[in-house]
Amino acid sequence: MRKVLALLGLIISVNVAAQSQAEDLRITAFGDSLVQGYGLPQGQGFVPQLAAWLEAQGAAVTLNNAGVSGDTTAGGAARVDWTLADQPQGLIVLLGGNDLLRGLPAAEARANLRKILQAAQARNVEVLLIGMRAPGNYGPEYKAAFDSIYADLAQEFGALLHADAFAGIRAETGQDPAAAQAYMQADNIHPNAKGVALNVAAVGPAVMTLLSRLSSPEENG
């Protein structure tokens, strides 16, 4: 009898564990090399560091990496349907850096990001939009046009917004480019592992808010 009870207890515990795993919220990080983890050792990119940060907060979430190095907003718009076919409940969107590197028109980036948000909205997928800031060398008009994209679209689609992908590094170093280099790779475009950690800590609360939305959809409908 004891063996039977022990076996039943084992079965129940396995079923509970499987149920808990099945109920983990599923979020896909969708973006370019900043998401993919370009130039970083395995386990030190944005997705694994964010997953570790969320685990430390006690969050039950499965985080998938849909980052493609070199992707522009146009590339993201072209593959978003394929990404959403995996049926994530939430989408973290981080795109625009390669548009900036190529000096592509801000209006095109806006249109492409709108397509991504429209695709997510059509599938009832909650979105956290992470913004990029244009450098000043393209002129004030371009900077104003590009920088406004993310807040405008977040408001239009009811998405969450984290305004600056590099907020963690900027908070640590201010406007000092020399200080910021300690948190960047040699190309001065991609953060190193320490820089990623700062940026993850900055975006983490917004991701927790996204998880809260997914856990209580009726409160956000």
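The values are calculated or read from the model by the stated rules, or taken from the named source; none is laboratory data. No experiment lies behind these values; they were computed from the predicted model shown. All Cβ positions, even for glycine, are placed from backbone atoms using ideal geometry, and neighbour counts span all protein chains on display. Quick note on the areas: whole protein, heavy atoms, side chains included, nothing else; ligands and nucleic acids left out. Shrake-Rupley method; radii C 1.70, N 1.55, O 1.52, S 1.80 Å.
Tabulated results
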item: Which listed residue, of 129, 117, 153, is outside any helix (DSSP H, G or I), in contact with a helix residue (DSSP H, G or I) (Cβ under 7 Å, 6 or more places away or on another chain) and free of Cβ contacts under 8 Å to residues at least 60 places away in the same chain; result: 129
item: Count of the range 132-141 residues which are in a loop (DSSP other than H, G, I, E, B) and without any contact (Cβ under 8 Å) to a residue 12 or more places away in the chain; result: 1
item: Meets criteria (at pLDDT 95 or above, open to solvent by 10 Å² or more (accessible area, probe 1.4 Å), within 14 Å of the chain's Cα centre (by Cα) and among the basic types (Lys, Arg)) for residue 114; result: no
item: Residue check for residue 144: under 25 Å from residue 42 (Cα atoms), part of a helix (DSSP H, G or I), among the small types (Gly, Ala, Ser) and more than 19 Å from the chain's Cα centre (by Cα); result: no
item: In the range 92-111, the residues that are within 17 Å of the chain's Cα centre (by Cα) and part of a helix (DSSP H, G or I); result: 97, 98
item: Unique match (being among the charged types (D, E, K, R) and open to solvent by less than 20 Å² (accessible area, probe 1.4 Å)) among 164, 152; result: 164
item: Any hit, the range 28-41, residues being in contact with a helix residue (DSSP H, G or I) (Cβ under 9 Å, 6 or more places away or on another chain), charged (D, E, K, R) and modelled with pLDDT of 50 or more; result: yes
item: Matching residues in the range 73-91 - criterion: being outside any helix (DSSP H, G or I) and either surrounded by 22 or more Cβ atoms within 10 Å (Cβ to Cβ) or acidic (Asp, Glu) (or both); result: 86, 88, 90, 91
item: Any chance residue 135 is surrounded by fewer than 23 Cβ atoms within 10 Å (Cβ to Cβ), more than 20 Å from residue 27 (Cβ to Cβ) and modelled with pLDDT under 95; result: yes
item: Some residue of the range 49-57 being of a type in the set (S, T, N, Q), assigned to a loop (DSSP other than H, G, I, E, B) and open to solvent by 30 Å² or more (accessible area, probe 1.4 Å); result: yes
item: Contacts under 8 angstrom Cβ, first residue in the range 173-202 being in a loop (DSSP other than H, G, I, E, B), partner open to solvent by 70 Å² or more (accessible area, probe 1.4 Å), 6 or more apart; result: 188/181; 189/101; 190/38
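Table: residues versus (1) in contact with a strand residue (DSSP E or B) (Cβ under 9 Å, 6 or more places away or on another chain); (2) surrounded by 19 or more Cβ atoms within 10 Å (Cβ to Cβ); (3) under 27 Å from residue 126 (Cβ atoms).
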position	(1), (2), (3)
170	no, no, yes
176	no, no, no
182	no, no, no
189	no, no, no
196	no, yes, yes
199	yes, yes, yes
203	yes, yes, yes
